[in-house]
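Asker: The structure that follows is given in the form of structure tokens.
FYI, it's all coordinate maths here, none of it is from the lab. Bear in mind the structure is a predicted one, so any value in this text is a computation, not a measurement. When we count neighbours, we look across all protein chains shown, and the Cβ atoms used for this are built from the backbone with ideal geometry, even at glycine.
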Amino acid sequence: MAIDDKEKALEIAETVKKHFPNLEVLARSFDRRHTYELMNLGVRIIQRETFNSALELGTSALRHLGFHGYRAHRAALTFKHHDEKTLIDLHEHWGDEKTFLIQMQERNQDLIDLLSSDEEELEENMDHSWERPSTK
């Protein structure tokens, strides 16, 4: 389900789940809030509208800043996996703003730590496997 109306999408998902509880609904969400609202209705397969394009843009930005291709790709994948896990983990706290924000801050620090440790590991291994050999 991919329509340009958040409320209508929620209404359709709710109606479908009510009348056909075993039907797997695939939906596009507009943002994190909409994703949680769809999850609350029992939708399990959700594609966030701008997530992948933002991830690709972030990878391109890292490349333009001088990161090697593999390193930029690895950072993007690390972020993607962390964000997908965080999305699921924080769903249980959706609706409890105080707990949600505390958990979100903890997950943000986890991401910083994860990216830092990944950066250190890459520095140690100097993995340039996606780069052409230097012709110097």
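Asker: Once the piece of chain linking Lys17 and Ile45 is laid out straight, how much longer is it, given 0.36 nm per residue of separation minus the C-alpha distance between them? Kindly include the intermediate steps, with their values, before the conclusion.
Answerer: Working: separation 28, 0.36 × 28 = 10.08 nm, distance 1.32 nm.
Computed gain between Lys17 and Ile45 is 8.8 nm.
Asker: Now a separate question. Using 0.36 nm per residue, how much length does the chain from His93 to His64 gain when fully extended, once their Cα-Cα distance is taken away? Spell out each step's value before the answer.
Answerer: Numbers: separation 29, 0.36 × 29 = 10.44 nm, distance 3.73 nm.
Full-extension gain reported as 6.7 nm.
Asker: In the range 1-69, what GluC sites (Glu not before Pro) fall in a loop by DSSP, with at most 14 other Cβ atoms inside 10 Å? Write down the numbers at each step before the final one.
Answerer: Numbers: sites: Glu7, Glu11, Glu14, Glu24, Glu37, Glu49, Glu56; in loops: Glu24, Glu49.
Passing sites in the range 1-69 are Glu24.
Asker: Which log10 I(q)/I(0) values, to two decimals, does the chain give at q = 0.11, 0.15, 0.21 Å⁻¹ under the Debye formula with one point per Cα?
Answerer: -0.55, -0.85, -1.22
Asker: May I have the count of lysine pairs in the chain with C-alpha atoms under 20 Å apart, counting pairs 8 or more residues apart or located on different chains?
Answerer: Total qualifying Lys-Lys pairs in the chain comes to 5.
Asker: Relative contact order for the chain: what percent, with Cα pairs under 8 Å and sequence separation of 6 or more? Could the numbers behind the result be given before it?
Answerer: Working: 103 pairs, mean separation 26.0, N = 136.
Worked out over the chain, it gives 19 percent.
Asker: What number do you get for the range 1-49 when its Cα radius of gyration is normalised by 2.2 N^0.38 Å, N = residues?
Answerer: Numbers: Rg = 9.4 Å, N = 49, 2.2 N^0.38 = 9.7 Å.
Dividing the Cα Rg of the range 1-49 by 2.2 N^0.38 Å gives 0.98.
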